[in-house]
1. With every protein chain left in place, what is the accessible area per residue of the stretch B:266-405 in square angstrom, probe 1.4 Å?
2. Choose one of B:Val616, A:Ser69, B:Phe228: the residue whose Cα lies farthest towards the positive end of the charge dipole of the protein assembly as shown (beta-carbon charges +1 Lys, Arg; -1 Asp, Glu; about the Cα centre).
3. Percent relative contact order of chain B, based on C-alpha pairs within less than 8 angstrom and at least six residues apart?
4. Which percent, to the nearest 5, of DSSP beta bridges fully inside chain B are antiparallel?
5. With labels modelled as points extended 7 Å from the Cα through the Cβ direction, what inter-label distance (nm, one decimal) is found for B:Val724 paired with B:Ala98?
6. Accessible area of the stretch B:366-417 with a 1.4 Å probe: how many percent of it is carbon plus sulfur?
7. Just going by the charge dipole of chain B, with Lys and Arg at +1 and Asp and Glu at -1 on Cβ, which of B:Val714, B:Asn159, B:Gln871 is farthest out on the positive end?
8. Could you work out the equivalent-ellipsoid semi-axes for chain B, taking the square root of 5 times each eigenvalue of the Cα gyration tensor, largest first, in whole Å?
Amino acid sequence: MSDQAQILPGTLDLLILKAVSLGPLHGYGVLLRIGQISGQALLIEQGALYPALFRLVRQGLLKASWGTSENNRRAKFYELTAAGRRRLREELAGWNRLAAAMGSALAAEPEEV
Amino acid sequence: MKLLAYFRSLAAKFLRRPQAEDDIEEEMRAHVQNRADDLERSGLDRAEAERQAHIEFGGHGRYKEESYKALGGNFISTVGQDVRYSLRMLRKSPGFTATAVLTLAMAIGANAVVFGVLNVLILHPLHVPHPESLYAIQHSNEPSSYESYPDYLDIRDHNHTFEDLAAYGATMAGLDAGEKNPTRVWLEEASGNYFDALGIEPVLGRVFHASDEHGANSAPYIVLAYSFWHSHFDDDRNIVGRTVLLDKHPFTVIGVTPPDFHGTLMFFNPQGFIPFVDRELIDGENDLNARGKLTVFMTMGHLKPGVSQAQAVADLNSVGTWLGKTYPKDAGQRTFTLARPSLYGDYLGRPVKAFMTGLMLLAGLILLAACANLGSLFAARAADRSREVALRLAIGASRLRILRQLFTEAVLISLIGGAVGLWGSVLLLGALSRWQPIQRYPIQVDVHPDANVYVVALLLAVVSGLLFGAVPIRQVLRTDPYEVVKAGSTARVGRRLTVRDLLLVVQIALCAVLVTSSLVAVRGLARSLHGGFGFEPENAILADTDLLSGGYSRQQTPSMQKRMIDALAALPGVESVGLANGLPLGVDAGDSLVFTDKTTDLRQPNAAADPNTYSVSPEYFHAAGTALLAGRAFTWHDDQNAPRVAVINPELARRVFGSVDNAVGGYFKLPDGTRVRVVGITEQGKYASLAEAPAPAMFSSILQAPASQSYMIVRYTSESQNLVPAIRNTLRGLDSGLPFYVESWYKDLDTNLFPARMATFSLGIMGAIGAMLAVTGIFGMAAYSVSKRLKELGIRMALGAQRMEVLQAALGRAVKLLAFGCAAGLLLGLLASRVLSFIVYQATPRDPLVLAGAVLAMALLGLLATWIPAQQALSVDPVMLLREE
């Protein structure tokens, strides 16, 4: 557990969008998918997923429909809308810029200054 | 478009909240189940797996709440949640809820009733098109509108500022639609242009127009009022064209007015309308050309568009100047003002407005007192709930959310209270609308509530809810959850003056004001009922008729009057019977200018007095119970052949002769030059109103100043039983076609006492509500302070405190506040009562009885309200109490 990282504030939405972009998922599936693609390295409070999901639905980035899960439970499946895909692209670009900038800033050595 | 969609989703969230709630709930449950499945697969047993899954999920309720917020339905659905929670809290304390709802229902109900009446009387008085530009012409020197018919015609034709001027007078007639007994009806005698000037269209047939008039008695038409058509002719649509007899003269029914048109004088609902030019048929005299006879009751019309009131007054005054120049004998310079016609200009308008405004103010005070009352109750409740509040704060509720919850509770209570109050007031206003306070006159006020009343009541409810809901704000904001949970909710016994104390003082003061004012009013009325009338209404029955309505000519009148007097006097148990053409404090018989004997120029400015005049039979003074101070009463020999004589009252004697002593045997002159000898002096009485200053009055012998209007006062011995049927039979035996009216004199006086009675009644109600509020307020405060300090009281008793000391500790503060509030309230009440003395006769605040009464009342109320809490304090069982913690 201790090697899991607390996710940065504001990044949960991005993670959800990314997870859902790989294929329609229900809520628990989103959690599993994030765990899977992050190599179980990120710690997410499970309940916090839902307010975020509803927020994204309301913003029109996700759309939800009821269906049946793999173990025959009724479940709500989320998938990206066109707006959601566009947003994911923008956020990814933004994140990459930020990560690169943070990476180079934190990697700076005394002689480079 | 987006906004619309947003609102739609908002509405959908609100309306289908259970659906959204179920969805979220189900989704979260599925999540936990899925997680538990996985955990079970990794080797845990099912129960442990589910437990673990729940823990990992985190705060279920919190995430559900946040999900709502995320869905956008947050505000409305939390309001829904608040409302449901509030209802649960209110159900848990039914005593508190009932008290609060009842208090508000009374306060808001009182306001709604007063506003409903105010709304009808002052804000929306007449059901005519464009009432805002309708004005009556009023004399500038006194609040009256009387005119002679020729003067009215001149003002109508010579002014340039009114679109048209209509005029009307009121009269009474016997209406015979083919039945045996004619019905007495009140009619408006209206100028031909009356309906056209007001813009009134008939619901049936037609109304009369100016073109119908071709000189005296040329238009024998009657337009029926809707209610009379409904009650008397059963909505018979074939009535148009039928002929009815009015005072035995044939009139053709030509139409029916709309249901909401009751003439142009508020209160007074005539049963029909006839053209003014037919006056002679009903009133027996052709005075259409008499410039000295004030036959028109009111003149009114719409101002032309763009004409200001000042312009209209200037225009009217120039007509007045012209009238004065053209007819110097009849009128001097005339000046006018404008007034609203509905309450007869300022005559009724001013006192009614003053009184209603005063009443509205008192009602406002009641609401304020109720708010103060509920505010302190709420503050106490919030203090009691400080542990709950602290817990909620500790587990993460925002203070805003808690305040919103408290406000929801307050507004909910005030809305329920408002609804109950409004319901009551609608019932009351409905009853008032049906009520006919005075049998003799067609007086009825339609005060059915309209949208205005509902809106005002709703607004008052919400505002008062916010007002008293705001009281505990500071308390909640300052709550320190840690302190409260640690120390428990035992409040510190502060010596500081708290908001609650202040509210209580304010409330008690307001209630004391209400109690004092109503006592002043009641006492004033009680006094006005005793003494000073100048006659004795006890043991007297009034029978009145108009011989003209019965078809008697001028020549036949005196003998018929004598026959009626003799017939009634012969009834067993009757002491004496007097007859008069009008009665003091009853129907006005008229007035006449009076000049000293030396005056030669008999014009108005030279008159010595303008007394009320009455034509009376010889036995009148005995029958009326009016004492003669000097001289003699009339005899049957004071007739047309004898010199003209009069009995006058002391005030007239003083004005004409300078003193009462040398009046008997003296002479004075009437406007036509007749010399009149004074043969007697009566006691001073009240003539026009109870509140009047001593007024002059003159009595003439009915044989010398004949009149067809006949009021017979039948004085009977105190042991005689109900004489009314016998009187009816006797009169019917004399002439079955004569319309008449029999009533005890006391009942008849109602007319005059009506305003004072109404005033006293409504003030009494206000006072009673004020007293009730005082009781609940003091009770709430006392009960609360006792319950707060039960433990302390228990310890005191355990240590051997005496009963008095316990009471002192428990209630000392409440009593002190009570005394302080009472003193302030009494002082304010006495000041406020000065205003009352303008309305209620003989209402003076400087009355020791009133003062004592108010003090006693407040003390009793205080005692009553602290009784139960005191008992509770004394019955404390220290052992039980100490064991509880």
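The values are calculated or read from the model by the stated rules, or taken from the named source; none is laboratory data. Because the structure is a prediction, the values reported are computed rather than measured. Positions of Cβ are backbone-derived with ideal geometry, glycine not excepted, and every protein chain shown enters the neighbour counts. Remember, those area values only see protein heavy atoms, side chains included, never the ligands or the DNA or RNA. Shrake-Rupley method; radii C 1.70, N 1.55, O 1.52, S 1.80 Å.
1. Numbers: 5840 Å² over 140 residues.
Result: 42 Å² per residue.
2. A:Ser69
3. Values: 1547 pairs, mean separation 122.1, N = 885.
Reported relative contact order: 14 percent.
4. Values: 63 of 80 bridges.
So the antiparallel bridges in chain B amount to around 80 percent.
5. Here the answer is 4.2 nm between the modelled labels.
6. Details: 1240 of 1780 Å².
The computed percentage sits at 70.
7. Projecting each Cα onto the dipole axis, the largest value belongs to B:Gln871.
8. Output for chain B: semi-axes of 70, 36, 24 Å.
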